[in-house]
Every structure is written in structure tokens, then in C-alpha cells.
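Please read the structure below before turning to the comments.
The values are calculated or read from the model by the stated rules, or taken from the named source; none is laboratory data. Quick caveat: nothing in here was measured; it's all calculated off a predicted structure. We place every Cβ from the backbone using ideal geometry, glycine too, and count neighbours over all the protein chains shown.
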Amino acid sequence: MKNNSKTFREVPKQKMIERGLNVVAGVDLGDKHSQVCLIDLDGKVVERTKLSTSVAALERYFGGWAAMRVVLEADCHANWIYRLLEQLGHAPLMADTQRLALITQSLSKDDRSDAERLAELGLRMPEMLNAVEPRALAIQRDRAVLKARETLAETERAAS
């Protein structure tokens, strides 16, 4: 994934207001469930929720909100969730949290606090998130085919 200079970088609070973005969401992604924390422009927690990491659950939840910046970790689910959030009219920002010590080396490491930290950073210091763009769909498909071939080859080697 490459750096994305077009993503919301250092957008002041006033510009967010002008764009109609009055809430920032932080999403800590998990394979089965994801934690969401919404904060307002003053940094107050508006809502916390745990969602199924599924298209239906994410559409149901984020489809009910006006446009907002949504900060998510760059992980295996981030590419499709990023695209889904864009389709729902939100402004997703994919954070390379592996390069963010505030998340990776936190003493209070749990999904709930990670979601809140992502939201806070998305509001106050988006430049620290090392924003990346999602992979192109063609690249994702190619990688899936390569991974399937690799798995098949490993299975054949193990069987012989």
C-alpha cells in the first residue's frame, strides 16, 4: 500500500465543519467483530458500539449516519470496508497502525481503546496516521489467486 497524499491530512476543524463532517469514527477491525468509537469535534465520545465485521452490519450502522471521517486500521478487511464506507458517503482514512507506536505500544491495548485512539487521531492529528490507499481491486484479485495457488502447493507437498 502506498501513501495517500489526497486523504484528509491536517484538515482543520473548521474545514471539517464546512465539509459537513461533524463526527469522527475510529474502527478497530476484527475478523468477527469490530469496535467503533464516535467522537464529536470537541473530542467527546458520542457513541461506542461493537459490530459484526460484515457488509450487512456495517451498511446498517454507517448508513444511518451523515458523512463523517472514519479511521480504520490497514488490515486484511480494510480494503473492502474502505470502499463500502466511500459508497455510503463517508470519508474513510486507512491508517498504517504498524508504524504508529501510540497504538502498537500502548499499555492499555484493547479494541475499545484502540478505536477511541484512532478517532482522536483522526480528529486532532490525521498526519500521524500514515494514511495509505486501499489496494486496487485487480491487485487484490491477483493476490487472492496467488495465495490460493500457494495454499494448494503447500497442501500437495504435505500430502506427498
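Descriptive notes on the structure:
- Near pairs, Cβ below 6 angstrom, 6+ apart or cross-chain, from the stretch 76-98 (on the phi > 0 side of the Ramachandran plot) to any residue that is surrounded by fewer than 20 Cβ atoms within 10 Å (Cβ to Cβ): G89/A67
- Unmet criterion (only one of (1) at pLDDT below 90; (2) in a loop (DSSP other than H, G, I, E, B)) for I17: (2)
- Within the stretch 58-79, the residues that satisfy the criterion of being in a helix (DSSP H, G or I) and surrounded by 15 or more Cβ atoms within 10 Å (Cβ to Cβ) are L58, Y61, F62, A78, N79.
- Residue list for the stretch 45-60, filter: over 14 Å from V24 (Cα atoms) and not β-branched (V, I, T): K50, L51, S52, S54, A56, A57, L58, E59, R60
- Note on the stretch 32-75: residues that are out of contact with any Lys or Arg (no Cβ under 8 Å at 6 or more places or on another chain), touching a residue at least 60 places away in the same chain (Cβ under 8 Å) and under 12 Å from A119 (Cβ atoms) total 3.
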